[in-house]
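Comments concern the structure below.
Just so it is clear, none of the values below were taken in a lab; they were calculated from the coordinates. Here the structure is a predicted model, which means the values were calculated and not measured. We place every Cβ from the backbone using ideal geometry, glycine too, and count neighbours over all the protein chains shown.
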Amino acid sequence: MGSAVGLCSSPRAWGCDWNIARLLCFAAISWVLMTQMEVGAWTYHYGDKSDYSWEVARNFCRSFYTDLVAIQNQREIAYLNSVLPHHRTYYWIGIRKINNVWTWVGTSKALTKEAENWASREPNNKGRNQDCVEMYIKRDNDAGRWNDERCQKKKRALCYQASCQSSSCSQRGDCVETIGNYTCDCYPGFYGLECEHAVKCPALAAPGRGGLNCTHWHGDFTYNSSCAFSCETGFVRNGSETLECTALGQWTGLPPLCEAIKCPMLDSLSRGQLNCSHWHGDFMYNSTCSFSCETGFVRIGSETLECTALGQWTGSPPLCEALKCPVLATPGRGQLNCTNWHGDFTYNSTCAFSCETGFVRNGSETLECTALGQWTGHPPHCEAVKCPVLDSPDRGQLNCTHRHGDFTYNSTCAFSCETGFVRNGSETLECTALGQWTGHPPRCEAVKCPVLDSPDRGQLNCTHRHGDFTYNSTCAFSCEMGFVRNGSETLECTALGQWTGHPPRCEAVKCPVLDSPDRGQLNCTHRHGDFTYNSTCAFSCETGFVRNGSETLECTALGQWTEHPPRCEAVKCPVLDSPGRGQLKCTHWHGDFTYNSTCAFSCETGFVRNGSEMLECTALGQWSDHPPLCEVMRCPKLRGLEPILMNCSHPLGSFSYGSVCRFRCTQGYFLNGTSRVRCQPDAHWSDKMPTCQEEAAPYFKQVLLYMGGGAVALVALLLTGMLIALLIKRLSDKEEEKTLLNPTSDLGVTGVFTNATFDSNL
Ligand code: CA
């Protein structure tokens, strides 16, 4: 039994076009015979011969009708409930649990919630396996509603049958069940009672550069004809590949065009140019484009691209890359600061170099990458700042640590000095970032010994090898004339700053010690010490003594005195002789007639000492007085005045011891007394002087005498000068004689010894 093709059994009607189906079904149902019978329209049928399990019931329906009832709505249910007879086991309908889902078996569609029509408290799956559905008909309650039941239970099969066949309507339209017949509701594109005609579309032609391949189902270029368009290699269809003729007689679109395949549009290169030749349109199949780059840029990639049939260029567009200069490395101890316009280290990149503190750039500050891919110069180096090269100090050593090169930034130099030398200045210098050392290099100065002075009275003669009085200086000491060195002749300054010994002294040469002379004194002046060089000693003698020898001695440089020391000898007085008519008796203490010698004088009889009895030799070398004379004893001088005439002899002196005077009187007078007197040793005359007594006029005599004097003078003038002198003398003596006549007159000591005999006659 073929299945009916009808609106209600159409898959499209089930569950979606419920209203239409309901109307049609309802109409069909109204023609149902309530018993098993053949009807040429959609009808309900039920088996009234026996009951079947659900599977058998379905086979029954599908064998004799179309299938178990599947169309369901409330009115239809109500209708079925009203027209079907009550049956004790009720009726199977076409719903079954498949995979635990209630499913319309005719369409294998799940039962929707809206379409459920379960009886109260159903489905309850009582006793399990209640996988099939029955419909209560004319039940006391829940009539027309569903109940799940085990499928093995036996119930009546409730079937339906459609009147349309599969071949109805030329299979080009829906077969619509009508009462006992059907009509064709032609599908679009078809028309005619049995939909035997197809709608025509305009004929199509192949496009330029392309082809056309059509498939006609119902005739050339009719409904459902489909035409596929193709294009030659390098061309592509612009439009649908396939056009189909629609039910309205129109193609589903415009016929496509074969257009040259388009390659992606190429843009001018950044920093480059594009030069294309287009054969079929811009950037279409077979277009060729060549690329070039600006100065400073180089093409990376193909020079020429061609648009292939695949719409692809034969390669990727090249890039204009800036020419690369060699990559610059950051200089050691420096920094690199680049400004890149087109990429690192490329054309027009400028790189500035800077150096760390303590380093200076040797080379250009800035380099630029040229269009030739070369830098404008060589990259500079950061070279450590240089400090002046240091030399080892004289007499020292230099030990440097160079971190960045000889005598450059951060170099440190330590100075040390040889033995005997000490560093004057910093031990360590460091080269600063300014290229200067942190200080002046120290010098190695010879260790200093205490400055030596020339010794007093000496000289110092030093040889300084490294500076005055420093290490290795040697000093020789010498002394002035008259001085000798006491100590080392030579000292040397050691590395410890000490002399090898104490400086010597110059001590004055010593002369023998002098003692005071006997009877004398010593008075020394010592300039350099007792009895040493240049000491001078003056000798002096006691009173009465005189120095025999140099007064002064001097100690010479040879340690000898300039002379022998003098002696003090007693002062000498003149040698005294015994006086005439006397004797001398001396006592000498220090030598004949020397200081303190005393001499006593004595005179013979008739002589008297005129002077000191005792003389002493004084310190002056003189006698304490004029040595005395032994003078003859004098008697009073006698004067023979006229008329006395006196004639004396003076053997020892005038009127002295031994003198004898003889008297006489002039004429007219006579002598009264002794005519002779002798001077005795006691200075007395042996007798009184006599007198002359006048016999005649004395006055006359006197006058005569006076006048006679004048006359004598006159005569003398007339005679000779000698006579004059004698006359004067004579007169003078006369005057004296007058005085001597007086015995009381002073005799004085002026007399001279004379032996002349005075002639009173003259
Ligand atoms: Ca049940």
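Quick notes
- Ranked packing of 624-635, 111-122, most packed first, by mean Cβ within 10 Å: 624-635, 111-122
- For the peptides 154-161, 326-333, 359-366, the ranking by packing is 154-161, 359-366, 326-333, with the highest mean count of neighbouring Cβ atoms within 10 Å listed first.
- Orientation-averaged projection of segment 520-570 equals 3.0 nm² [convex hull of Cα atoms, one quarter of hull surface area].
- Two-decimal Rg to Rh for segment 140-260 - Kirkwood Rh, Cα set: 1.35
- Other residues whose C-beta falls under 14 angstrom from the C-beta of Phe221 contribute a net charge of -1, scoring Lys and Arg +1 and Asp and Glu -1.
- A cut-off under 15 angstrom between Cβ atoms defines the neighbours of Asp530, and their net charge, with Lys, Arg +1 and Asp, Glu -1, is -1.
- Neighbour counts of other Cβ atoms within 10 Å put Arg75, Arg145, Arg88 in the fewest-to-most order Arg88, Arg75, Arg145.
- For the peptides 525-533, 210-218, the ranking by packing is 525-533, 210-218, with the highest mean count of neighbouring Cβ atoms within 10 Å listed first.
- Residue-count net charge about Gly358 - beta-carbon cut-off 15 Å; Lys, Arg +1, Asp, Glu -1: 0
- Relative contact order computed over segment 272-322 (Cα-Cα under 8 Å; 6+ residues apart), in percent: 32
- Under 27 Å from the Cα of Lys688 - lysines, other chains or at least 8 residues apart: Lys637, Lys701, Lys734, Lys738
- Near Cys568, the amide H atoms lying under 5 Å from its own belong to Asp518, Asn548; only residues 5 or more places off or on other chains count, and H is placed 1.01 Å from N.
- Computed over segment 199-260, Kirkwood Rh from alpha-carbon pairs, angstrom: 11.3
- Evaluating 6.51 cos²θ - 1.76 cosθ + 1.60 at θ = phi - 60° for every residue in segment 146-154, the Karplus couplings come out as 9, 9, 7, 9, 5, 5, 7, 5, 9 Hz, glycine and proline recorded as x.
- Amide H within-cut-off set for Gly334, under 5 Å, with H built and near neighbours excluded: Glu356
- Cross-link partners for Lys510 among the aspartates and glutamates, with Cα-Cα distance under 12 Å and sequence neighbours closer than 8 places in the same chain left out: Asp530, Glu554.
- For segment 517-612, the calculated P(r), taken from all Cα-Cα distances in 5 Å bins from zero up to the bin holding the longest distance, is 3, 13, 16, 13, 11, 9, 8, 7, 6, 5, 4, 3, 2, 1, 0 percent.
- Annotation: segment 582-632 has a Kirkwood hydrodynamic radius of 11.0 angstrom, from the mean reciprocal C-alpha pair distance.
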